[in-house]
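One structure is given here, and the rest of the page talks about it.
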Amino acid sequence: MRLIKLPSETNFSFMKFWKLGFIVSTTLSVLSLILFLAVGMNYGIDFQGGTLVEIQTKDGPADLGEIRAEISDLNLGDVQIQQFGAPDDVLIRVVRQPGGEEAQQRAVQLIRDVFGDTVDFRRVEVVGPRVSAELAQAGVIAVIAALLAIMVYIWLRFEWHFAVGAVITTVHDVLLTIGIFAVVQLEFNLTSIAAVLTIVGYSLNDTVVVYDRVRENLRRYKKMPMAELLDLSVNQTLSRTVMTSLTTLIALVALFIFGGEVIRSFTFAMIWGVVIGTYSSIFVAAPMLIWFKLRPTDLAGKDDEVVAEGAAS
């Protein structure tokens, strides 16, 4: 059996479409922001507050229809019931009840009374409004801190053009991820925040690979037009980018299909993030250097530092 081999050298003219790419990316980012503000997210119990009950049936596989019918008779409002792991494992999410902590405990007791000894209660968690607000705040702070750290690192490692370009590219990926969650209304919880942070790292990795090759080529081809130089750099890193994305997507798609409901929001966000991250490293990150009018002379200071360090050693 022969393995599929991607061509090591390609010659695509990506920068012919850099203006179109900017228009598409800007439009999608604005739409994502509008959807987030107008439609909102389907926040999970981590952010809304409520009760989570994990049960295991004793008499074989769980009948979700029967469980849903029994829970609906309790009039607890929005209740989500899903199977995960083994066929007899069931996760019950109950929206936060009006009336404070006592109302949450009353909801748990009603669920216990309905099932009695027919199931094992493996986990019961009650998330109050204060805790959910703190979790939401911590998630936002984590994303912002990651973006600031990215800017500082790349600014020190490269030049300001690369730093600002990388942050704009990463913000673009985060906005589009939030937008797709608003469109499909998949539950957004703490695992989704973890996925967003992972996407930030993945997108940054792709962007830095392209930027590093751009910097090398700027020193090598100082008279080459910027658009041609960016096409050359992207094509030189394209096979690596595509192979990395494909292998990652194969694993993520398998997890999305067979991993169950518990990790579905995480794997969905990661699949979307890999696709968007690959696109943005080519059509957002690279064209940013044209927008910022980067020139080989902008690297002169860094080159002098490298020469000085070599002489000192």
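What does the convex hull of the Cα atoms of the chain come to per residue, in Å³, rounded to a whole number?
Numbers: hull volume 58.3 nm³, N = 313.
Here the figure is 186 Å³ per residue.
Placing one identical point scatterer on every Cα of the range 50-127 and ignoring solvent, what is log10 I(q)/I(0) from the Debye formula at q = 0.18, 0.22, 0.24, 0.26 Å⁻¹?
-0.66, -0.99, -1.18, -1.38
Once Lys and Arg get +1 and Asp and Glu get -1 on their Cβ, which of Gly99, Ala195, Ala146 lies farthest toward the positive end of the dipole of the chain?
Most positive-ward Cα: Ala146.
Pick out, from Thr267, Ser281, Phe47, the residue whose Cα sits farthest towards the positive end of the charge dipole of the chain, with +1 on the Cβ of Lys and Arg and -1 on the Cβ of Asp and Glu.
Checking the options against the dipole of the chain, the answer is Ser281.
In debye, nearest 20, what is the charge dipole magnitude of the chain about its Cα centre with +1 on Lys and Arg Cβ and -1 on Asp and Glu Cβ, if you could check?
On the way: 25 positive and 32 negative charges, 334 e Å.
Taking the Cα centre of the chain as origin, the dipole is about 1600 debye.
What FRET efficiency would be calculated for the residue pair Glu102, Arg123, taking the C-beta separation as r and a Förster radius of 22 Å, to the nearest 0.05?
Computed FRET efficiency for Glu102 and Arg123: 0.60.
Set the Förster distance to 25 Å, then compute FRET efficiency between Glu216 and Lys293 from the Cβ-Cβ distance, nearest 0.05. Walk me through the intermediate numbers first.
Working: r = 19 Å, r/R0 = 0.78.
So, using R0 = 25 Å, E works out to roughly 0.80.
Separation between the Lys223 and Lys58 pseudo-spin-labels, each 7 Å from Cα along Cα→Cβ, expressed in nm?
Modelled inter-label distance: 8.6 nm.
For the range 139-281, what is the charge dipole size about the Cα centre, in debye to the nearest 20, if Lys and Arg each add +1 at the Cβ and Asp and Glu each add -1 at the Cβ?
Numbers: 9 positive and 9 negative charges, 105 e Å.
Charge dipole of the range 139-281: 500 debye, to the nearest 20.
Between Ala142 and Phe22, what is the spin-label point distance in nm, taking each point 7 Å from the Cα along the Cα→C-beta axis?
3.5
Mind listing the phi-derived Karplus ³J(HN,Hα) values for the range 101-113, rounded to whole Hz, using 6.51, -1.76 and 1.60 with θ = phi - 60°, and x for any glycine or proline?
Karplus values, whole Hz, x for Gly and Pro: 4, 4, 5, 5, 5, 5, 5, 4, 5, 4, 5, 4, 5.
Read-outs: derived from the displayed coordinates by stated rules, not from any lab. Keep in mind the model is a prediction, meaning the values are calculated, not measured. Quick reminder, even Gly has a Cβ in these numbers, built from the backbone with ideal geometry, and neighbours come from all protein chains shown.
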